[in-house]
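The values are calculated or read from the model by the stated rules, or taken from the named source; none is laboratory data. Here the structure is a predicted model, which means the values were calculated and not measured. Every residue, glycine as well, gets a Cβ built from its backbone with ideal geometry; the counts of neighbours run over all protein chains shown.
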Amino acid sequence: MSETKFLIGHSGLDMQDDFYPDDLPQEWRFDYYSTMFKSLSLPIDTDEDLDQIFEELEDFEDEFELVVSIEQEQLLDENELNKLLKIVSDYKDQFTLFCEIDKQPNSKIMNALQGYQLCFQSYEELKFDLKNKKSVSNQLYFNNLPVFYSSVAWDDKQIKSYLEEASGINTRTVLICKYAESETLNKIRIIAELLGF
């Protein structure tokens, strides 16, 4: 029996559907979003107020996982990486730093990431001193929680198939769906619950 529990969320707080009430102030979107979903991915150089989000996370009683994503080009450029890490270094225990990669980061890069919760997703087999799980044609390398990031829009059949295949990870898993709107995210959550995840 699978022990996987999916924490389902979106990439970014912007939604194209009518998810947010029309009169909701911009600075309240994270509060509203986090009542419905259990994870969120934001780019490390987001326009969102990360300080405010981190402050709100400190008071959370419910389970919620914030994923801060970084592009491979940013990750592999040591100067750029150090500049970006300064933005979030005070909050390193409150998020998972995530990157989709196809190249091996060097030892200087990995040293700069010491103390961070990490997850790398790759189609390639790479060498890390991290936990490794393979599922849905991806390698996940992580030291805390695995993060599955999908930029594919799914129909109902694909949702079920993806969840069943990813359930082999057998741990709490963050599932970020980049292009899914709130209706699809709710559908993913319901199907995951019906499947026992």
Condition check for ASP129: modelled with pLDDT under 95, exposed (fewer than 15 other Cβ atoms within 10 Å of the Cβ) and closer than 25 Å to GLU58 by Cβ: no
When residues of the stretch 85-100 are limited to those that are over 18 Å from GLU48 (Cβ atoms) and in contact with a strand residue (DSSP E or B) (Cβ under 7 Å, 6 or more places away or on another chain), the one surrounded by the most Cβ atoms within 10 Å (Cβ to Cβ): CYS99
Given (1) touching a Cys at 6+ places or on another chain (Cβ under 6 Å); (2) of a type outside the set (Lys, Arg); (3) at pLDDT below 90, number of the condition ASP156 does not satisfy: (1)
Residues located in the stretch 6-18, provided they are closer than 15 Å to ASN186 by Cα, surrounded by fewer than 17 Cβ atoms within 10 Å (Cβ to Cβ) and either in contact with a Leu (Cβ under 6 Å, 6 or more places away or on another chain) or of a type in the set (D, E, K, R) (or both): ASP17, ASP18
Failed condition for LYS103, given (1) surrounded by fewer than 16 Cβ atoms within 10 Å (Cβ to Cβ); (2) among the basic types (Lys, Arg); (3) within 16 Å of the chain's Cα centre (by Cα): (3)
Test: residue in the stretch 130-149 that is more than 16 Å from the chain's Cα centre (by Cα) and free of Cβ contacts under 8 Å to residues at least 12 places away in the same chain: yes
Matching residues in the stretch 76-104 - criterion: being in contact with a helix residue (DSSP H, G or I) (Cβ under 6 Å, 6 or more places away or on another chain) and in a loop (DSSP other than H, G, I, E, B): ILE101
